[in-house]
Amino acid sequence: MSNLLKAFHSLKVKTFFAYLFIGIVPGIVLTGLFYNTVRSKSISGDVTSMSTQASLVADEIALNGYFQGENTDTIEKELSTVGNVFSGRVMIIDKTLTVVYDTYDMYAGRVMVWSKVLESANGSIASDYDTTNHTLTVTYPIYDANNNFAGVVLITESAEYIENNLNYYWSLCVLFLLVLTLIILAFSLFVSVKTAKPLNDIKTAIDNMSKGFGDSELRVKTTTETEAISESFNSFHAQMKLLDESRQEFVSNVSHELKTPLTSMKVLAESLIGMGDGVPVEMYQEFMTDIVGEVDRETKIVNDLLSLVKMDKTDVVLDITPLNMNELIELIMKRLKPIAEKQQIEMVLESFRPVTVEVDEVKITLAISNLIENGIKYNNPGGFVHVSLNADHMYCYIRIEDSGLGIPEESIDHIFERFYRADKSHSREIGGTGLGLAITKNAIQLHHGEIKVASTLGEGTTFDVRLPLNYIKEGQN
Ligand code: ADP
């Protein structure tokens, strides 16, 4: 965008021109109206006095038989006096529209078919203001004693003094407009600067904040609106800060988690190298098995991270299909059976009714697997994991109950956080990444479902999951 266009986009420039326009246009219109009123008033004033004079002349002509050739000298003398009074000209036109008398002696004998004369021949008083020759003319009809049309009196006066007057008023108007423009210019400038000031204040404060000067909070109290903007900005800024902190924490957690198996592998490999050639095969195999275990752990962390990141995106696309939940849970439990048997955990499924739910199979499988697997992992040999499935007309309810280690009270609120482990050493030993429940919660929330946990340390844990039977699209309630 060019600089000029950019300037016209500015609020300051826009308000400046808006006020200028609002102030000056009515000023010009009002001044124009005033000038026109003065002009028509002064012309109409003269037309009236000329018409009065013309009516006197018309009466005199009609009564004294001018057209019949009587009293011509006296009347013409008077006509010439009238002409002098108006510094102009008087013409008498008879009913055949022939000029019978002209104080200028130029038009006598000519036929006058001028529109104003014709108007008066039809009985009206007419007037004309000639701006080129600066003259004002009035025509007045003459009627004889029988009230028949007898002719027209035409009086022309020089309009110079009217124009002088009008010029004077015009200069006054121009002067007034100039002063008005100056006042409005100053006012518009003042108002536009004032209007843009709160926004400029906010910009400066934000600039200062981002450069690290001034407050860590936005506090622009110029107007109520800037105060409200400051508050909204501060809460947004606080959210961003929190997000940034959690991102930093997440990155440091990820680095730490990825580093641990690598360190173990390095130690194991270095020990093997350090032992030289005479390492017994059993020890060699034991160390290599440990290294493979660490590689598996690293792979699991990376896989869990990928699942989490995929579900964390704002535009996750779910592949929703109607799914028989009874069959899905049976399948998950079948897959986990070997681990359960190894730990000597009994797994029981209690289905109250056949349940079909619209879900993304992969994500919900991951969520339920994590919960059942945790029930097995954090359990004592000889313990149990009970899974129950029920539904009403709107929701599907899945309960996963175990007789395991339980979760300490202070940890309950944190178990869904990424990388959180209630019992760090034990959990690592068990092979957890601390991401399972975060993935589970994300998957359930993507389906607009709910997950709740209740646990007693040393007795066991129960997870309750609620999922809508029909998938709720975004924007639906
Ligand atoms: P992990 O991969 O460590 O299992 P999770 O996110 O699945 O991570 O769980 C987080 C923590 O919550 C676990 O480390 C464990 O301490 C606790 N936890 C989860 N499920 C159970 C359970 N059924 N019984 C006891 N503790 C549990």
### Message
Can you list residue pairs whose Cβ atoms sit under 6 Å apart, with the first residue in the stretch 418-429 being within 18 Å of ASN303 (Cβ to Cβ) and the second being modelled with pLDDT under 75 and near the ligand (Cβ under 6 Å from one of its atoms)? Count only pairs 6 or more apart in sequence or on different chains.
### Response
ARG421/SER427
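Which count do you get for residues in the stretch 292-333 that are of a type in the set (S, T, N, Q) and more than 16 Å from the ligand (Cβ to nearest atom)?
Going residue by residue through the stretch 292-333, those that are of a type in the set (S, T, N, Q) are 299, 303, 307, 314, 321, 324, 326.
Okay, now just the ones that are also more than 16 Å from the ligand (Cβ to nearest atom), so 314, 321, 324, 326.
Total meeting the criteria: 4.
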### Query
Taking the condition at pLDDT below 90 and either within 21 Å of PHE176 (Cα to Cα) or assigned to a helix (DSSP H, G or I) (or both), does LEU4 pass?
yes
## Note on the structure
Among helices (runs of 4 or more DSSP H) entirely inside the stretch 398-455, those with 3 or more residues being within 8 Å of the ligand (Cβ to nearest atom) are 424-430, 436-446
### Summary
Taking the stretch 375-397 and the residues there that are within 12 Å of the ligand (Cβ to nearest atom) and either assigned to a loop (DSSP other than H, G, I, E, B) or acidic (Asp, Glu) (or both), the one that is surrounded by the fewest Cβ atoms within 10 Å (Cβ to Cβ) would be ASN380
#### Entry: Residue check, PRO261 surrounded by 15 or more Cβ atoms within 10 Å (Cβ to Cβ) and of a type outside the set (Ser, Thr, Tyr)
yes
### Task
Those residues that are of a type outside the set (A, V, I, L, M, F, W, C) and more than 13 Å from VAL90 (Cβ to Cβ), I need them from the stretch 56-77; list them, please.
ASP59, ASN64, GLY65, GLN68, GLY69, GLU70, ASN71, THR72, ASP73, THR74
### Task
Identify all residues within the stretch 101-125 that are part of a strand (DSSP E or B) and buried (at least 17 other Cβ atoms within 10 Å of the Cβ); write none if there are none.
TYR101, ASP102
### Query
Consider ILE162 against the criteria (1) among the β-branched types (Val, Ile, Thr); (2) surrounded by fewer than 13 Cβ atoms within 10 Å (Cβ to Cβ); (3) touching an Asp or Glu at 6+ places or on another chain (Cβ under 8 Å): it satisfies all of them except one. Which criterion is unmet?
(2)
### Hits in the stretch 165-204 (condition: without any contact (Cβ under 8 Å) to a residue 24 or more places away in the chain, farther than 15 Å from ILE28 by Cβ and either touching a Pro at 6+ places or on another chain (Cβ under 8 Å) or not basic (Lys, Arg) (or both))
ASN167, TYR168, SER171, ALA186, PHE190, ASN200, THR204
### Query
Within the stretch 19-36, can one find any residue that is surrounded by fewer than 13 Cβ atoms within 10 Å (Cβ to Cβ) and more than 30 Å from ILE183 (Cα to Cα)?
no
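Considering GLU346, GLU361, GLU373, which residue is among the acidic types (Asp, Glu) and more than 56 Å from the chain's Cα centre (by Cα)?
Within the list GLU346, GLU361, GLU373, the selection yields GLU346.
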#### Entry: Among (1) surrounded by 14 or more Cβ atoms within 10 Å (Cβ to Cβ); (2) part of a helix (DSSP H, G or I); (3) in contact with a strand residue (DSSP E or B) (Cβ under 9 Å, 6 or more places away or on another chain) - the single one SER44 does not satisfy
(1)
### Task
List every residue pair whose Cβ atoms lie under 7 Å apart, where the two residues are 6 or more positions apart in sequence or sit on different chains, the first residue falls within the stretch 443-472 and is at positive phi, and the second residue, located anywhere, is within 11 Å of the ligand (Cβ to nearest atom) and of a type in the set (Gly, Ala, Ser).
GLY458/GLY406; GLY460/SER403; GLY460/GLY404; GLY460/GLY406
### Task
Starting from the stretch 351-378, keep only residues that are under 16 Å from MET311 (Cα atoms) and touching a residue at least 60 places away in the same chain (Cβ under 8 Å), then list their pairs with residues that are away from the ligand (no atom under 11 Å from the Cβ) and assigned to a loop (DSSP other than H, G, I, E, B) whose Cβ atoms are within a distance under 6 Å, requiring at least 6 positions of separation or different chains.
VAL359/HIS447; ASP360/LEU318; ASP360/ASP319
### Message
So if I check each of THR204, THR195, which one is of a type in the set (Ser, Thr, Tyr) and surrounded by 14 or more Cβ atoms within 10 Å (Cβ to Cβ)?
### Response
THR195
### Summary
Taking the stretch 278-312 and keeping only residues that are more than 30 Å from LEU389 (Cβ to Cβ) and either among the basic types (Lys, Arg) or touching a Lys or Arg at 6+ places or on another chain (Cβ under 6 Å) (or both), one is left with ARG297
### Summary
(1) in contact with a helix residue (DSSP H, G or I) (Cβ under 7 Å, 6 or more places away or on another chain); (2) buried (at least 19 other Cβ atoms within 10 Å of the Cβ); (3) touching a residue at least 24 places away in the same chain (Cβ under 8 Å); (4) under 13 Å from ASP46 (Cα atoms) all hold for THR156 apart from (1)
### Residue count for the stretch 138-153, restricted to those that are under 14 Å from LYS95 (Cα atoms), at pLDDT below 90 and touching a helix residue (DSSP H, G or I) at 6+ places or on another chain (Cβ under 9 Å)
1
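The values are calculated or read from the model by the stated rules, or taken from the named source; none is laboratory data. It should be emphasised that the depicted structure is a prediction, and the values quoted were computed from it without experimental measurement. Here the Cβ is made from the backbone with ideal geometry for all residues, glycine too, and neighbour counts use every protein chain on show.
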